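Data first, discussion second: the structure below is written as structure tokens.
Computed from the coordinates by the stated procedures, all read-outs in this text should not be read as laboratory data. Just so you know, these numbers come straight off a predicted model, no measurement behind them. Because the Cβ atoms are built from the backbone with ideal geometry, glycine has one as well, and the counts that use them run over all protein chains shown.
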Amino acid sequence: MEYIKDLRDQVEKLEAQRKDVDDFIDAAKRNRGEILENVNSWIEKVDGFIVEAKKFLEDGTNVNQKCFIGWFPDLVTRRQLGKEAKDKVEVAKELEKDGYFNSISKPARPLGIESIPSERLVTYETTNLAMMSVMKALTDDKINFIGIHGLGGVGKTTLVKEIGRKAKSDKLFDEVVMAVVLELTTLGIPLGQDHEGCKIIITTRREQVCRTMAKEWETTKIVWLDVLSEQDSWDSFRKNVGDVVNSSALNDVAKEICKECGGLPIAVVTVGKAMEGSKKHFVRAGCNLKDWPNVDSLDKYTGISLMRNQISNLPEVWLEVVREDGGHFNGLRSPEVERRKSRQAWRGRGWQ
């Protein structure tokens, strides 16, 4: 029967369309997208219809086979099957039409601060000063925007994660979330003076980014996260390297190496761990200190500005240490990641 053939063709089309939608869903989920309810509803309807239609087609095939072997179902039965097949073809066409979606998913809701993994914040004089300044701004009703800027690797993200946790535990906000964004409106985060229940903190290397974004608000706070003091740098370096630096023969070299880290926590800790307990690393470093970059060229090499120049631009003495130690620079980020991570946004709701 003609309608039986039409129905079979429509079922095949729906199955192909269902597979295409599945592929789009998989892609959306890889990007942490939330699948829209109308998409899920369509899939459920299509799956149910395909099962029902295949059962109907199987029954219809049995009827036709009986005709060929001498069974002659009455015309009423055949007419009824034809009508049912026609109705199902129309349903299939509607499902096919409904399956062309403008959008499959929506951006996932940002993770709550409790869900975001974080390194333990090691407090230094500079981080304490920055944290106190930010926490004070969070309790100021007039301030809705806070910008934190500093060199790559100075610890901005780690600091802000800790601030978010403290704000949540102190019940300053009903909700605290973190997201990597270029446009706050992409996440539906309200801007400007009409949304005084919302406070936003961003982190960036550029002070100008803070000042540009701050134009949306009347009263803002911009905080500079400085590098570690010489004493804090040395204390951290010595803690990560171990007792080997106490040797009178290596102490001066160790201090020079620590100095070349430019006060950046990521550099101090990473180089310290890479050289942990090994005299040969210090001996080699001592012989090659003349090849180390001048501290004035911090922005080129540190962050260990690897984030911008990647590990390949490190002085050879560092590369040798890292290679021999199995690559302690795993945590350093590539330029692509840094571009995506140019801003961190905090949103708090329910400020009184």
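What the table shows:
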{"quantity": "Ranked list, fewest to most other Cβ atoms within 10 Å of each Cβ, for Lys29, Lys156", "calculated": "Lys29, Lys156"}
{"quantity": "Residues Ile146, Ile35, sorted so that the one with the fewest Cβ neighbours within 10 Å comes first", "calculated": "Ile35, Ile146"}
{"quantity": "Extension reserve of the Asp22-Asn128 stretch, reckoned as 0.36 nm per residue once the Cα distance is removed", "calculated": "33.2 nm"}
{"quantity": "For region 157-162, Karplus couplings with θ = phi - 60° (6.51, -1.76, 1.60), whole Hz, Gly/Pro x", "calculated": "5, 4, 4, 5, 4, 5"}
{"quantity": "Members of Lys13/Lys86; Lys199/Lys259; Lys106/Lys215; Lys136/Lys255; Lys29/Lys156 lying beyond 26 Å, as alpha-carbon distances in this model show", "calculated": "Lys199/Lys259; Lys106/Lys215; Lys136/Lys255; Lys29/Lys156"}
{"quantity": "Amide hydrogen neighbours beyond the local backbone of Phe145, cut-off 5 Å, H modeled", "calculated": "Ile200, Lys221"}
{"quantity": "Cβ-Cβ FRET estimate between Lys215 and Ala108, R0 fixed at 35 Å, reported to 0.05", "calculated": "0.75"}
{"quantity": "Tyr100, Tyr3 arranged by Cβ crowding within 10 Å, fewest neighbours leading", "calculated": "Tyr100, Tyr3"}
{"quantity": "Vicinal HN-Hα couplings computed from phi for region 3-11 (Karplus, 6.51 cos²θ - 1.76 cosθ + 1.60; Hz; Gly/Pro x)", "calculated": "5, 5, 5, 4, 5, 4, 5, 5, 4"}
